[in-house]
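Visitor: Quick one: this structure, given as structure tokens, is what I'll be asking you about.
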Amino acid sequence: MFQIEEKIWFWTLLVIPVLVVFFLLLQFWKKRTQKKFANKALLKRLSPNQSVFKSVLKLIVLCLAFASLSLALVNPKVGTSLETVKREGVDIVFAVDVSKSMLAEDIKPSRLEKAQQLVSKVIDNLGSDRVGIIAYAGKAFPQLPITTDYSAAKMFLQNLNTDMLSSQGTAINEAIILAKTYYDDDEQTNRVLVIISDGEDHGEGALRVAEEANEEGIKIFTIGVGELTGGPIPLKRNGTLLGYKKDKQGETVVTKLNEETLKGIANQAGGVYINGASTDKVVSQVKDLLNKMDKKEFEAKQVANFESRFQWFLGLAILLLFVDIFFLERKTAWLKKLNLFNENL
């Protein structure tokens, strides 16, 4: 088994034809200049040991050195053994609150951006778990079904915004109900729903729905983003602040983190509430909680262990460059005896 790691370095092989062209142009220029200086017979008397063969040999050695160096850069690998790798993990669905209250900037840069950052960091620290994403406000909307493609998950995550759902409000129960449809493996015993929200729940029956989810084997972890003291909801256009959201009486609306709601949901579903103020602490807690869960084997496959062999080619390149230093363009005694290219005529 053979593998090339950095194929882009094959482009360095273009140095070789450049060297050949340069050598030919140099030889042509030498011949032309020498003819202006003296005739062939006189030149042979002036420099009897000049060898065309040695010049060609130096070129060949130099080209081989560059070829070896290029092969070292692409890092060829040879398969040495086969190993069975198992993918084990937990199904995790992230439900992200995208209601207008998530625009509040009491936690920087904003509650929604903080939520996106938290989920992204958690995904970065996952092993072989499968993930899905739900966006919710007054209604819940599926964003990404259960998958092991973390790159796609992070792409969908970054596209979340408060304008994607026309139905405003915060109906956590809708997110829990939708999450139930995400788990497509009946044999998966540990199913996790992570709700990231400020806890301002304007829906009904979230605690009841959370309890039902727990009965179906779904643990709910809740992460609160925002401050207990709260903050106003900024109204922006093209990044410019126009003002703050006001109620019917003309008073500025202050939205606060409601930890009690989030704690209640987590308790009903056998999970844990985590304050999202510190990203590192959230990632660490979620990682510890997931590590304590039983993992289900998703797949087992054989993969080849490859070992780099660039050292061989690098060593050869260094050896050839070292040899090239000692190659002179003059004839040596053994070369005179060979009389290559009829140079002694």
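The values are calculated or read from the model by the stated rules, or taken from the named source; none is laboratory data. Bear in mind that the values here come from a model prediction, so they are computed numbers and not experimental data. Heads up, the Cβs are rebuilt from the backbone with ideal geometry, glycines too, and the neighbour counts pull from every protein chain shown. With ligands, DNA and RNA removed, areas are computed over all heavy atoms of the protein, side chains included. Shrake-Rupley method; radii C 1.70, N 1.55, O 1.52, S 1.80 Å.
Visitor: Can you pull out every residue in segment 210-227 that is open to solvent by less than 10 Å² (accessible area, probe 1.4 Å) and not in a loop (DSSP other than H, G, I, E, B)?
Guide: Within segment 210-227, the subset open to solvent by less than 10 Å² (accessible area, probe 1.4 Å) is 210, 213, 218, 220-226.
Across segment 210-227, the qualifying residues are Ala210, Ala213, Ile218, Ile220, Phe221, Thr222, Ile223, Gly224.
Visitor: Could I ask something else about it? Can you go through Gly270, Gly230, Gly239 and tell me which one is without any contact (Cβ under 8 Å) to a residue 24 or more places away in the chain and surrounded by fewer than 20 Cβ atoms within 10 Å (Cβ to Cβ)?
Guide: Values: Gly270 fails: without any contact (Cβ under 8 Å) to a residue 24 or more places away in the chain; Gly230 fails: without any contact (Cβ under 8 Å) to a residue 24 or more places away in the chain.
Unique residue meeting the criteria: Gly239.
Visitor: Has segment 198-209 got at least one residue that is open to solvent by 70 Å² or more (accessible area, probe 1.4 Å), acidic (Asp, Glu) and part of a loop (DSSP other than H, G, I, E, B)?
Guide: Step one: list which residues in segment 198-209 are open to solvent by 70 Å² or more (accessible area, probe 1.4 Å), which gives 202, 204, 207-208.
From what's left, acidic (Asp, Glu): 204.
Filter again for part of a loop (DSSP other than H, G, I, E, B), leaving 204.
Yes - at least one qualifying residue is present in segment 198-209.
Visitor: Quick one: what pairs do we get from segment 278-298, first residue on the phi < 0 side of the Ramachandran plot and aliphatic (A, V, I, L, M), second at pLDDT below 85 and not in a helix (DSSP H, G or I), C-beta under 9 Å, 6+ apart or different chains?
Guide: What qualifies is Leu290/Gly89; Leu290/Gly127; Leu290/Asn190; Met293/Thr189; Met293/Asn190.
Visitor: Right, something else. In segment 288-304, is there at least one residue being open to solvent by 50 Å² or more (accessible area, probe 1.4 Å), part of a helix (DSSP H, G or I) and at pLDDT below 85?
Guide: Checked against the condition, which is being open to solvent by 50 Å² or more (accessible area, probe 1.4 Å), part of a helix (DSSP H, G or I) and at pLDDT below 85, segment 288-304 yields no hits at all.
Visitor: For segment 56-157, give me every one of the strands (runs of 3 or more DSSP E) that falls completely inside it and has 3 or more residues that are among the hydrophobic types (A, V, I, L, M, F, W, C) and touching a residue at least 60 places away in the same chain (Cβ under 8 Å). First the steps, then the outcome.
Guide: Working: elements: 76-89, 91-97, 130-136, 140-147.
Counting at least 3 such residues, we get 76-89, 91-97.
Visitor: Right, here's the next one. Among the residues of segment 151-169, is there at least one that is among the hydroxyl-bearing types (Ser, Thr, Tyr), at pLDDT 90 or above and in contact with a strand residue (DSSP E or B) (Cβ under 8 Å, 6 or more places away or on another chain)?
Guide: No, segment 151-169 has no match at all.
Visitor: Go through segment 247-266 and count every residue that is surrounded by fewer than 20 Cβ atoms within 10 Å (Cβ to Cβ), assigned to a helix (DSSP H, G or I) and in contact with a strand residue (DSSP E or B) (Cβ under 8 Å, 6 or more places away or on another chain).
Guide: 2
Visitor: Can you name the residue in segment 97-147 that is open to solvent by 30 Å² or more (accessible area, probe 1.4 Å) and among the acidic types (Asp, Glu) and is also farthest from Ser167 (Cα to Cα) among such residues?
Guide: So, considering only residues that are open to solvent by 30 Å² or more (accessible area, probe 1.4 Å) and among the acidic types (Asp, Glu), the one farthest from Ser167 (Cα to Cα) is Asp124.
Visitor: Is it the case that Leu160 is more than 28 Å from Gly243 (Cα to Cα), outside any strand (DSSP E or B), in contact (Cβ under 8 Å) with a residue 12 or more places away in the chain and open to solvent by less than 50 Å² (accessible area, probe 1.4 Å)? Write out each step before concluding.
Guide: Working: more than 28 Å from Gly243 (Cα to Cα): no; outside any strand (DSSP E or B): yes; in contact (Cβ under 8 Å) with a residue 12 or more places away in the chain: yes; open to solvent by less than 50 Å² (accessible area, probe 1.4 Å): yes.
No, not satisfied.
Visitor: Taking the condition of being of a type in the set (A, V, I, L, M) and modelled with pLDDT under 95, how many residues in segment 124-133 meet it? Before you say what the answer is, go through the steps one by one.
Guide: Looking only at segment 124-133, we keep the residues that are of a type in the set (A, V, I, L, M), and these are 126, 131, 133.
Now restrict to residues that are modelled with pLDDT under 95: 126, 131.
Of the residues in that region, 2 qualify.
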